[in-house]
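Shown next, in structure tokens, is the structure this report addresses.
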Amino acid sequence: MAEKYPFKDIEPKWQQWWEAHGVYHAENPDKTEKQKFYGLVEFPYPSGEGLHVGHPRSYTAIDLITRKRRMQNRNVMYPIGWDAFGLPAENFAIKKKIHPSIVTTQNIATFKRQIQSLGLGFDWTREINTTDPAYYRWTQWMFIQFYESWYDEKMGKARSIQELVIPQDVELKGQEAIRAYKDAERMAYKAKTTINWCPRDKIGLSNEEAQGGICDRCGGPVEKREKEQWMFRITKYANRLIKELDQVDYLEKIKTQQINWIGKSEGALVRFVISTNDQEIVEVFTTRPDTLFGATYLVLSPEHEKVQEWIESGAVTNVKEIKKYQDQTRKKTEIERQENKEKTGVELKGIVAINPANKKEIPVWIADYVLSGYGTGAIMAVPAHDERDFEFAKKFELPITPVVRVPDEDIGGCGAVLETVKGMFLFQKRDQKAPIQPGMIALFGGGREPGENILSCLKRELEEELELDISKRTAKYIGDAASRTRPGKYYSIFHIEDIDLKTLKLHEGESIVEMSLQEALSHKLVTEFTKKRIELFLKGYSETVFTGNGISMSSDFLDGLETPKATEKMISWLEKNGVGERKTTFKLRDWVFSRQRYWGEPIPMVYCEHCGWNPITDNELPLVLPDVKNYEPTDTGESPLSTMTDWVKASCPICQGEARRETDTMPNWAGSSWYFLRYCDPNNKEAFASRRAMEYWMPVDLYNGGMEHTTLHLLYSRFWYKFLFDRGFVPSSCGSEPYASRRSHAMILGEGGIKMSKSKGNVINPDDVVAEFGADVFRVYEMFMGPYDMDAPWDTHGIQGVKRFLDKAWNISLQQIQKAPLIKGDQGGFENVFDLEDVRPYENILHQTIKKVGDDIDNLRFNTAVSALMILTNELQTADLRARDFESYLKILAPFAPHMTEELWHMLGREDSIHASSWPAHDPDKLKVSEVEIAVQINGKVRGQVKVPAGSDEAFVRQAAEQVENVKKHLEGKTPKKIIYIKDKILSFVI
RNA sequence: GCGCAAGUGGCGGAACUGGUAUACGCGCUAGCCUUAGGAGCUAGUGCCCGAAAGGGCUUGUGGGUUCAAGUCCCACCUUGCGCACCA
């Protein structure tokens, strides 16, 4: 009698029927009043490997949600397409000498067949393909819009380049100057920069694709190369890409990753004058301008342009040494630079800079710990406040000057200052008589009359005040700090070597209290101020907040200020004195947009000797990718297209003269940056999508994709969309964010928890799974494996369990359909002849499950939803269901097992699709249970259970509990001291 | 180093605002059915003691709060992921 669910006969039948009946075709906005729901999964790259079992996991997840929304009367769009430009097809083409488009077409066919065998509710009428000229026509058109735009900082948005006001002085210089001025503002611009070059793929990479110095495609190391490249000014959007995240519902970790990648930091730009030539200036960026007084040297990155200038002008005297160091740096890959963090560097002899705060002359160095790509490529080194600078200063014996600020209450007298190697200082007020103990590494400040000999002061302070004999030790003078409350007085700061900080001794009356630093944290004799410092010290922080205002400071204006306030004060000082200004920098770089490969969208630009770069005209779009003989990329970094001399030749759109085409192509992130807009209106020939369609469908309600795309596709497409939005190509009612919410799937691993790979031979082919178990089992299994956002290993036994479940559900359903004599109901459905009013034992669990499954789908908790359905199915084995309850059962199972439920639905005599039916509502009355089991605890341990009517009061439950043998035994006839009763849950005695 | 997430049976994993830990599934054991089964059905299954009733222990480790802690607080350990000389 135990029949198997005959998926082989059923599944293909319904797949065809659905498509023929357009069950999953989204209605166009003009034809519906319904509210829309736009569910989106990242469209796949159709690789030669075929579909991975990981793809269906996320496709099915969003499929479940969209199916439920459809049953909740939403007009659902769940589209799919092909992100088909890319390296693997090209590499395959090189190897097999087959045109990439042929390979791509084949791969798409395979992917499509595989995806369609899974019964996913995609709207195939909206299928798109980024390599289709009808599609990439618009990608090219958008490129031109980027080129024809500039970013207006004042309005905070991109505008047409026509609207760029040309300053008069530029205008006077003529056309050449005007063009240069415009080019410097365009959102897409060509520039010679150092790019990441993958020698294996022979392709330039964006920063996002070369994270950690590793190529995103092949995993090999990345080199630096000078190259002229098309760039997108994504940095103009850095602020908005962070700020507008608060309009969207993304997983918190996705937001954090984007924010970190953009890497905003606020601070100041400071100009250092080179003393040998007043005209010469080095700009540095710092987040801590308040520490400027402590800047004791400058460091430039080895690639810094000034270094080259000084070599050429002969300003530096140790050219050979410098060049050697530059060479070394260049040869190091980024990985090597990261692995070896030992500080290296070379002084630029002959170059001296002036610290604008204290007018002191300071040396200038180059070192590779300063990165050319960040800030200005130069830093002011404040070794007392920065771990890296400290390390560097120690190694090359450069001066270390703390900038010391202290709140007023601590200025009162000289005190002991304790220091760690890292540069942490501790203070103990003098009136508490905290001596520096032998065994500390210490710095201390001593009040000293102007003119008093430093060493004699030190000796006096140490011996008289602090009871420390320093005769056997080396005390190194570090510097002075002026006292604010006692004008004319200074704190001298010394570094006493060979001392290890372990204990703190305090005078309490006549006796001395000795304590560990741990104990000091809670000791009443120690001030809060000191405690805080000890705490920081123990955590190993290098941050220093200190007294006075640093060596030879001309003013004490930073005294007593918290770091943010001191920073503000210093910035206004810099601005007032014209030596610097407020500045925000980002880690985000402009997007390198050219690729020196064949299989990508041609960049629609031509170069003319007279007119420079210009976009081709609209009616020339699409600029179709020509056939070439050889797809092989070159070591020189020329695109294979450059060998197509006929194609390269073009006429200049301005002067009609001879011109040549751009031969680089776009990165594969181009087509995927706006595909979600094309789905709204995929066949439009007049525009990339109609305004009406975008107004209705955008933004995407739910977008699912991998975490690996957080700093790639997700960032790029948000930027791209914001640009289109700014320029009004996307209607303003759509909002400036393309995706209202973003979720992430996890990986499916091979059996045993290791990654699936060809070489390990543990790859599961979806085709085999569908052939053996059918699509419904496959779907349910992938949902049941574990939490959606956690990696899960494939388990061949586990899928058997799911098969049993669906077989069981199938059999129960057949019984229900057979057993119950059906009559046609009023609503067009069927009711059986059983009494409709009697209370049925299964109702409770049915309604609970309806609620749970619905909630779980909404919250992407598919594994527990399946579990609830299994429990319900087990319960229903012995029940006789009313027809409408049976229909509810099928409906909540339908999103998970669409084929099986559709078959059963039609067996009931239905002619429409179950997936177009309405989602059942749970009846809150029927969630309630009549009887509950209450645990009885005695002194916190469960000693028995009682079954009572739901909602019973304490007295009733207590009486029942006291009848239970085991409870009686443990109560030992005593009267409980305390009784806690939580209704319908627990009764707890304390005796 | 910094940031984030997570540690629960033999395994994948449940557990809502603290309220009977181990749901559901796998695996395993026994029995039934079968010519046979890697099919199906029934029962059992955290660990220890016990014939049973029952008792003791158990959610990475150690403390704490509470009548009651996987859940809250403190300290620590481990694993995974992300970033990593970002000034």
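Observations on the structure shown:
- With each label modelled as a point 7 angstrom along the Cα→C-beta vector, the A:Q815-A:K395 pair spans 7.7 nm.
- Here the extension length gained between A:M790 and A:S101 equals 244.5 nm, from 0.36 nm per residue of separation less the Cα-Cα distance.
- Cut-off under 5 Å, modelled amide H: who pairs with A:G81 long-range: A:I128
- Vicinal HN-Hα couplings computed from phi for segment A:633-646 (Karplus, 6.51 cos²θ - 1.76 cosθ + 1.60; Hz; Gly/Pro x): x, 10, 5, 6, x, 8, 6, x, 5, 5, 7, 7, 4, 4
- With Cα atoms defining each centre, segment A:897-932 and segment A:169-191 are spaced 66 Å apart in the structure.
- Within segment A:712-748, backbone nitrogen closer than 16 Å to the virtual label 7 Å beyond the Cα of A:E163 toward Cβ: A:722-733
- For the pair segment A:78-136 / segment A:580-608, the C-alpha centres are spaced 27 Å from each other.
- Per-residue SASA remark: A:M142, around 0 Å² accessible (1.4 Å probe; ligands, DNA and RNA not included).
- Whole-percent pair-distance distribution, where bins are 5 Å wide, for the alpha carbons of segment A:250-343: 2, 9, 14, 15, 16, 18, 13, 6, 3, 2, 1, 0
- Inter-site label distance for A:K755 and A:A950 at 7 Å from Cα along Cβ, in nm: 5.0
- 10 Å beta-carbon shell around A:W261, net charge (K/R +1, D/E -1): 0
- Hypothetical label at A:R179: residues of segment A:627-661 whose amide nitrogen lies under 14 Å (7 Å Cα-Cβ projection): A:652-660
- Here the calculated FRET efficiency for A:A916 and A:D767, from their Cβ-Cβ distance with R0 = 30 Å, stands at 0.55, rounded to the nearest 0.05.
- Basic side chains Lys and Arg get +1 at the Cβ, acidic Asp and Glu get -1 at the Cβ, and with that the dipole of segment A:108-208 about its Cα centre reaches some 400 debye.
- Additional length obtainable on full extension of the chain from A:E875 to A:Q308, 0.36 nm per residue less Cα span: 196.1 nm
- For A:S117, solvent-accessible area (1.4 Å; no DNA, RNA or ligand), Å²: 30
- Model label sites at A:M707 and A:I94, defined 7 Å from Cα along the beta-carbon direction, differ in position by 3.2 nm.
- Where a label projected 7 Å from the Cα of A:C218 along Cα→Cβ would reach, residues of segment A:628-650 with amide N under 20 Å: A:630-642
- When nucleic acids and ligands are ignored and a 1.4 Å probe is applied, A:V352 ends up with an accessible area of around 40 Å².
- A Förster radius of 41 Å combined with the Cβ-Cβ distance from A:E609 to A:S732 puts the calculated FRET efficiency at roughly 0.50.
The values are calculated or read from the model by the stated rules, or taken from the named source; none is laboratory data. In this text the structure is predicted, and so the values were computed from the model without any measurement. Neighbour counts run over all protein chains shown; Cβ positions are idealised from the backbone, glycine included. The protein model used for the area step is the full one, side chains on, heavy atoms only, and it has no ligands, DNA or RNA in it. Shrake-Rupley method; radii C 1.70, N 1.55, O 1.52, S 1.80 Å.
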